[in-house]
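Enquirer: Below is the structure I would like to discuss, written out as structure tokens.
Read-outs: derived from the displayed coordinates by stated rules, not from any lab. Only a predicted model underlies this, so the values are computations on that prediction, with no experimental measurement involved. All Cβ positions, even for glycine, are placed from backbone atoms using ideal geometry, and neighbour counts span all protein chains on display.
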Amino acid sequence: MSDAGGSIPGPDGLLRCPWGASPPEYIGYHDDEWGRPVHDDNALFEKLCLEAFQSGLSWLTILRKRENFRAAFRGFDIEKVAAFGPDDVSRLLADAGIVRNRAKIDAAIGNARAALELPASLDDIVWRFAPEEERAPASVSEIPSWTPASKALSKELRRNGFSFTGPVTAYATMQSCGLVNDHLADCYFRRFGRPPA
């Protein structure tokens, strides 16, 4: 997602953010998910985990392994992941279908446990940091890697026992869960949301 330009036509001719015009995995994610509001705690937990696993890797790698992640992490059900023990960690470290990084695996399990201890729902915590003003970036170069709001969200998550949730990961989660809409100003999906029937 590093192209500095404006929207470009995808294979169907619709203008998309440049990173979302190809390959098919990016097109589907861009068109159907990215920037759409997510309020379910397990879905928010999945996004937070996948953004943490992506750190240092291509998002395309994560998208291509996503179904494997979902199977390995029991659908990112917070209660199930919180109950993972040493055998589950060994299972995950042996699973070539996911990113086998011990620190990130431990963080996902620890974050599930932290989520269960939150004084409110994960949705309540995360959405508290949605910015009041919406902006419409003209090019990818106008999209920050973090914001004061993502820094504050990161701080709040860490205060509640989460890890691998720095300001950049927090901002990527905010983008993917629709707290911010970083579709470019001329991107079809910013204006209309879905492809024409």
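Enquirer: Which of the residues spanning the stretch 111-161 are out of contact with any Pro (no Cβ under 7 Å at 6 or more places or on another chain) and among the β-branched types (Val, Ile, Thr)? Walk me through it before giving the result.
Expert: Our first condition is that a residue be out of contact with any Pro (no Cβ under 7 Å at 6 or more places or on another chain); within the stretch 111-161, this holds for 111-139, 141-142, 144-145, 147-148, 152-153, 155-161.
The answer is 125, 126, 147.
Enquirer: Can you tell me which condition residue 186 does not meet? The list is (1) assigned to a loop (DSSP other than H, G, I, E, B); (2) under 17 Å from residue 47 (Cα atoms), and all the others hold.
Expert: So the condition that residue 186 fails would be (2).
A quick yes/no check of all residues on (1) assigned to a helix (DSSP H, G or I); (2) hydroxyl-bearing (Ser, Thr, Tyr); (3) exposed (fewer than 14 other Cβ atoms within 10 Å of the Cβ):
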{"position": "96", "(1), (2), (3)": "no, no, yes"}
{"position": "105", "(1), (2), (3)": "yes, no, no"}
{"position": "111", "(1), (2), (3)": "yes, no, no"}
{"position": "118", "(1), (2), (3)": "no, no, no"}
{"position": "124", "(1), (2), (3)": "yes, no, yes"}
{"position": "133", "(1), (2), (3)": "no, no, yes"}
{"position": "145", "(1), (2), (3)": "no, yes, yes"}
{"position": "149", "(1), (2), (3)": "yes, no, no"}
